[in-house]
1. Restricting the stretch 31-51 to residues that are within 21 Å of the chain's Cα centre (by Cα) and in contact (Cβ under 8 Å) with a residue 60 or more places away in the chain, which is most open to solvent (accessible area, probe 1.4 Å)?
2. When both residues are 6+ apart or on different chains and their Cβ atoms are under 7 Å apart, which pairs have a first residue that lies in the stretch 97-113 and is in contact (Cβ under 8 Å) with a residue 60 or more places away in the chain and farther than 15 Å from Asp25 by Cα, and a second that is of a type outside the set (A, V, I, L, M) and buried (at least 17 other Cβ atoms within 10 Å of the Cβ)?
3. Can you tell me which residue within the stretch 112-121, out of those that are of a type outside the set (Asp, Glu) and surrounded by fewer than 18 Cβ atoms within 10 Å (Cβ to Cβ), is farthest from Ala39 (Cα to Cα)?
4. When only residues in the stretch 79-111 that are of a type in the set (Gly, Ala, Ser) and part of a helix (DSSP H, G or I) count, which is nearest to Ser34 (Cα to Cα)?
5. Failed condition for Tyr30, given (1) over 20 Å from Val110 (Cα atoms); (2) touching a Gly at 6+ places or on another chain (Cβ under 9 Å); (3) not acidic (Asp, Glu), with all others met?
6. Can Glu69 be described as assigned to a helix (DSSP H, G or I), charged (D, E, K, R), under 18 Å from Lys12 (Cβ atoms) and open to solvent by 50 Å² or more (accessible area, probe 1.4 Å)?
7. Working only within the stretch 11-27, note down all residues that are within 14 Å of Asn109 (Cβ to Cβ) and either of a type in the set (S, T, N, Q) or free of Cβ contacts under 8 Å to residues at least 24 places away in the same chain (or both).
8. Pick out the one residue from Lys55, Lys47 that is at pLDDT 95 or above and not in a helix (DSSP H, G or I).
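The values are calculated or read from the model by the stated rules, or taken from the named source; none is laboratory data. Keep in mind it's a predicted model, so treat the numbers as computed, not measured. Cβ sites come from the backbone with ideal geometry, for glycine too, and all protein chains shown count toward neighbours. Side chains are part of the model used for accessible areas, which takes the heavy atoms of the whole protein and leaves out ligands, DNA and RNA. Shrake-Rupley method; radii C 1.70, N 1.55, O 1.52, S 1.80 Å.
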Amino acid sequence: MEDVVNFVQTFKGLEERINEFINEDSSLEYVEGSEEVVAGGAYAWSKLKPAEISKQDHIDSDYMELAEEVRNVLKSDHSPHLEKFERSCALVLNYIRQDTLLWVPGLKNVIENIKSELDLQQFFMEEIQ
C-alpha cells in the first residue's frame, strides 16, 4: 500500500510540473492548410528556448524513470494492463517531447489529455495492490 501512495505522490508532482511546462513554456501554431486534410486542422508545437528545453529534458527524464518503475511493477505482477500502460506512456511522452502534430486546439485540451493519461496510469498501479 505504501508503494501506491509513493507512486501517486510522484505522479501528482510530475503532473504539476508538466502542466506548468505546457502552460508557461509551450505554445501551439496552426498548421496552414491542414484543414484540407483534417477537419478542424492540425497544430504544431512552437520551438522552445534553451531554458525551456532544459526543463523539458528534466521532466522527460523524471517521467521515463517513473514509467520504468511502473512498468517493472506491472510486469512482475503479470498485469493485464501492461500494453495499455505502454500506449498511455507513449502518448504522455509525445506531449512532453512535443514531437508530434496535435488535432486539438489549445493547451487546455493538451493538459486535459495528459491528466487523463496519468490518471489511467495511476489506476493501473492501484489495480495491482
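1. Restricting to residues being within 21 Å of the chain's Cα centre (by Cα) and in contact (Cβ under 8 Å) with a residue 60 or more places away in the chain, the top hit is Tyr43.
2. Leu101/Tyr43; Leu102/Tyr43; Pro105/Tyr43
3. Leu120
4. Ala90
5. (1)
6. Spelling it out, Glu69 is indeed assigned to a helix (DSSP H, G or I), charged (D, E, K, R), under 18 Å from Lys12 (Cβ atoms) and open to solvent by 50 Å² or more (accessible area, probe 1.4 Å).
7. Asn19, Asn23, Ser26, Ser27
8. Numbers: Lys55 fails: not in a helix (DSSP H, G or I).
Of Lys55, Lys47, the one residue that is at pLDDT 95 or above and not in a helix (DSSP H, G or I) is Lys47.
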